[in-house]
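To keep things clear, I will list the structure first and then write my remarks on it.
The values are calculated or read from the model by the stated rules, or taken from the named source; none is laboratory data. Because the structure is a prediction, the values reported are computed rather than measured. Using ideal geometry, Cβ is built from the backbone for each residue, glycine included, and neighbour counts are taken over all protein chains shown. Surface areas here come from the heavy atoms of the whole protein model, side chains and all, with no ligands, DNA or RNA. Shrake-Rupley method; radii C 1.70, N 1.55, O 1.52, S 1.80 Å.
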Amino acid sequence: MFIDIRQLTHRYPVRKGQIRPPALDRLDLQIAKGSFFVLTGPNGGGKSTLFKILCGLLQPSAGQILIDGHDSVRESAAVRRLMGVVFQKPALDPYLTVMENLQIHADMYGMRQGTFRKRLDQTLGWTGLEQRLDQVVKTLSGGLARQVELVKVLLHTPPLIMMDEPTTGLDPGSRHAFMQALQDIQKRENLTILLTSHIFSEAEVADRMAILQNGQLLAADSPAQLKAGLGGNVIVIQTRDPDALEKELKEKPGLIVHRRDEELRIKGAEVRTLVAELLATPRGIHHLSIKEPTLEDVFIHLTGRSLEQVEAETLHSGSQKS
């Protein structure tokens, strides 16, 4: 395995007398070389802590990480040479041009000018930046600024690219285009990419993904396998009386019912039989559809709660402790 995480634990310091669960709790996770891996889950689940440890910004409390056979603590210099990192907050000088930012990065890695120009030509092709190299970064859109970040991190040809919530602040169209470009680059250059995101749909392009919650691994597999594990389609219902219908359905054995506002999502039934039953008697239903399960449905199946509910509980718990 290119990245081998073994029994990784991290505890943040607390005041005397306080009790705080570990941010990471004996985590085991393996990531294959040349794969596109997305680490997802709710905010506060441990993604950022793991990312910082992998980058060498935090020392773990216990456990070990091997990257291409190198211990991330004892051989940190060798590990850093393997990776290019894109952080959640932009690492560009907003008052310099695109080219000036890229040139500074190349100089920091000791790239000769001819090598820099050749590599720049190779990495610009997928972007909309060819005509913007002389443009000041602060005048770029969020999507174009992210493209500069990715071009910059690819210049010195690292075999491992790590990205922490790289689509933060992008509109849906820019986010989709960025993820598609990232997938194309990963396959063309046979890179290992580790990306964190709390948006489950972004993991659809991954070879494998992992879901973290409360510092623990809930699941790790390909997106297709995780969805297939739910065993069938999801019935989505909107009704004028969600309370009554939710109560009725929860009394039926074998059904998993999740509610979000006026929408009910139902799993575990033979779809046609249940739909026929629901439509046979008026129940105030004004919308009913049958959908393939999403990765958020996987999360709901694993936790019994939606992402929003878990994040709200985490936020409330944190405010209670502070």
How much of the DSSP beta bridge set in the chain is antiparallel, as a percent to the nearest 5?
65 percent
Probe 1.4 Å, protein heavy atoms only - accessible area per residue of region 147-265 in square angstrom
42 Å²
About the Cα centre of the chain, what is the dipole size in debye to 20, counting +1 per Lys and Arg Cβ and -1 per Asp and Glu Cβ, all else neutral?
800 debye
Taking the Cα centre of region 1-149 as the origin, how large is its charge dipole in debye, to the nearest 20, when only Lys and Arg (+1) and Asp and Glu (-1) carry charge on their Cβ atoms?
520 debye
Size of the dipole of region 185-322 about the Cα centre, Lys and Arg at +1 and Asp and Glu at -1 on the beta carbon, nothing else charged, in debye to 20?
180 debye
Farthest positive-ward along the chain dipole, Cα basis, beta-carbon charges - from Gly142, Pro172, Leu194
Leu194
Assign one of three labels to region 10-143, namely rounded, prolate or oblate, based on the Cα gyration tensor with a ≥ b ≥ c the square roots of its eigenvalues; rounded applies when a/c is under 1.5, prolate when it is not and a/b is larger than b/c, and oblate otherwise.
prolate
Which peptide among 11-17, 38-44, 84-90, 98-104 comes first, and what is the full order, when sorted by highest mean count of other Cβ atoms within 10 Å?
38-44, 98-104, 84-90, 11-17
Does region 195-322 come out rounded, prolate or oblate by the C-alpha gyration tensor, with a ≥ b ≥ c the root eigenvalues, rounded set by a/c under 1.5 and, if not, prolate when a/b is larger than b/c and oblate if not?
oblate
Tell me whether the chain comes out rounded, prolate or oblate; compute the Cα gyration tensor, take square roots of the eigenvalues as a ≥ b ≥ c, and use a/c under 1.5 as the rounded threshold.
prolate
